Every structure is written in C-alpha cells, then in structure tokens.
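Let me begin by presenting the structure, written as structure tokens, before commenting on it.
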Amino acid sequence: FFGEGVNTMKILTLNTHSLQEEDHRQKLSWFVEGILREKPDMIALQEVNQSLNMPETDEDLLGFVPCEDLNIVLRKDNHALSVAKLLNKAGLNYYFTWIPIKLGYGIYEEGLAIFSKSQIVDSRQCFISGIRDYNNWKTRKMLGIKVASYENIWFYTAHLGWWDDDEEPFKNQWNMVTESIDEVRLPDESYYILGDFNAPDRIEGESYDYVKQSGWYDTYQLAD
C-alpha cells in the first residue's frame, strides 16, 4: 500500500493447515520458496500447529519473541519454528511470535503466528469467541504485533468462524475483534487484520459485507 511516510509494504496471509496436510513437508518447502521469492514484510499465519506428543525444542528459536512475555513452549515440530529454520538456512531471517489457542483433532496444539522483517516491539492476544475452552475446537483468539519499522501500525492475525454457525457465528466474533481493538485504540494508530475470515466475498449480505459496512477496507481492493 501507499501512504504518507510509507513507501511500499508487502503482506502475506495463509491458513497453513500445518502438519495435517498430505505431503506436509513438500508444501512447507514450497511455502518457504515463495517467501524467499517475494520477501514479504509481514506474514500472518493461521492453524499453525505443533504435536502434543513432541518434546520441547532445544534448538535456537531464531527470532522468536514470546507474546506478552508468556511462558510458551515451542515443540520440535512447531510449524512456525520450521518455517523460521528453513528461512534462516536460506539466509533470510524474520522475527516471529506464536501462541497456542486450542487442541486440534486431539493431537495438535493449534495456534496463530506472525512473522516480521522488523523487530517486534509489542504484542497482544485476546479471545474473539464466547467459547474459551482449550479442549473445544471453536475457541478462537486474535494475535497482534507492533514492529519497529511501522511504529503506528498494529498487525493482527485471526481465524474466524462461519456466518451461519449457531454456536459461534461470525458476526459475534467480528464484534469481539473490533471491540478488542477499540479498547486499546490510539488516535494516531492504524490496524491491519489478516487471516482466514471464512467470509467469501461472493455471498452478499453475510460476513464480507458486514466487515465492509463496519468501516474496514479490503487491502486486496486497495492494493496497487
């Protein structure tokens, strides 16, 4: 995007479905090749998993910054750490943070991650679902960071539910997203929410339209 005081910024977001995809290692390699080619400034990832039965890693964490100084355990197959290691091996280093949110398929700790070329200087996490049970797959959070290169911008990653979910509808979760941001909003700050919204823009009157009507802009439409 283009704006006052900013030249260009390249942002990538992806639901990785990590560890559970067929040919996971091959897809991880392709993904890293894409990062090396495009060199995004910011990378927001969802469904970033690690296996419950894996031991904690004893390797260099390669730019990992714990969110809110939480005591977070990165296991040996943590997908975000795997990305960081492959990038480091190729000579490209990012800062990154990761949080676990819930148990996935009974065997994964499913979480969110954000990578940044610039040093992470602040971070926050919050629930965006009414359900807050770690054992319930409908539990959802949002993860945000602020970085040195863009001191007045927060970047968030989120994975929201579907519009017509009776228990955890998109509308309620999106309201929690905006309320959480409003709680800490400063007049000179901007916000980017990246992620898997489960909000197809072709369906009129549902999630995509609701986001646009609540005052947010689609960066895909704005991008040059």
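The values are calculated or read from the model by the stated rules, or taken from the named source; none is laboratory data. Small disclaimer: the values here were computed from a predicted structure and weren't measured. Using ideal geometry, Cβ is built from the backbone for each residue, glycine included, and neighbour counts are taken over all protein chains shown. Just so you know, the surface numbers come from the protein's heavy atoms only, side chains and all, with ligands and any DNA or RNA stripped out. Shrake-Rupley method; radii C 1.70, N 1.55, O 1.52, S 1.80 Å.
If we keep just the residues of region 189-224 that are polar (S, T, N, Q) and open to solvent by 40 Å² or more (accessible area, probe 1.4 Å), which is nearest to Gln173 (Cα to Cα)?
Looking at the filtered set, the residue picked out is Ser214.
Can you confirm whether region 30-37 contains a residue that is out of contact with any helix residue (DSSP H, G or I) (no Cβ under 9 Å at 6 or more places or on another chain), open to solvent by less than 60 Å² (accessible area, probe 1.4 Å) and in a helix (DSSP H, G or I)?
Scanning region 30-37, I find at least one residue that is out of contact with any helix residue (DSSP H, G or I) (no Cβ under 9 Å at 6 or more places or on another chain), open to solvent by less than 60 Å² (accessible area, probe 1.4 Å) and in a helix (DSSP H, G or I), so the answer is yes.
If we scan region 49-58, do we find a residue that is open to solvent by less than 10 Å² (accessible area, probe 1.4 Å) and more than 23 Å from Glu189 (Cα to Cα)?
Checked against the condition, which is being open to solvent by less than 10 Å² (accessible area, probe 1.4 Å) and more than 23 Å from Glu189 (Cα to Cα), region 49-58 yields at least one hit.
In region 68-107, which residues are out of contact with any helix residue (DSSP H, G or I) (no Cβ under 7 Å at 6 or more places or on another chain), over 23 Å from Gln20 (Cβ atoms) and surrounded by 20 or more Cβ atoms within 10 Å (Cβ to Cβ)?
Tyr95
Would you kindly identify the strands (runs of 3 or more DSSP E) lying entirely within region 111-224 that contain at least 2 residues that are among the charged types (D, E, K, R)?
120-127, 141-147
When you check Arg25 against the structure, is it within 26 Å of Thr178 (Cβ to Cβ) and either basic (Lys, Arg) or part of a strand (DSSP E or B) (or both), yes or no?
In short, no.
Looking only at residues in region 108-128 that are of a type in the set (S, T, N, Q) and surrounded by fewer than 23 Cβ atoms within 10 Å (Cβ to Cβ), which one is farthest from Glu151 (Cα to Cα)?
Gln125
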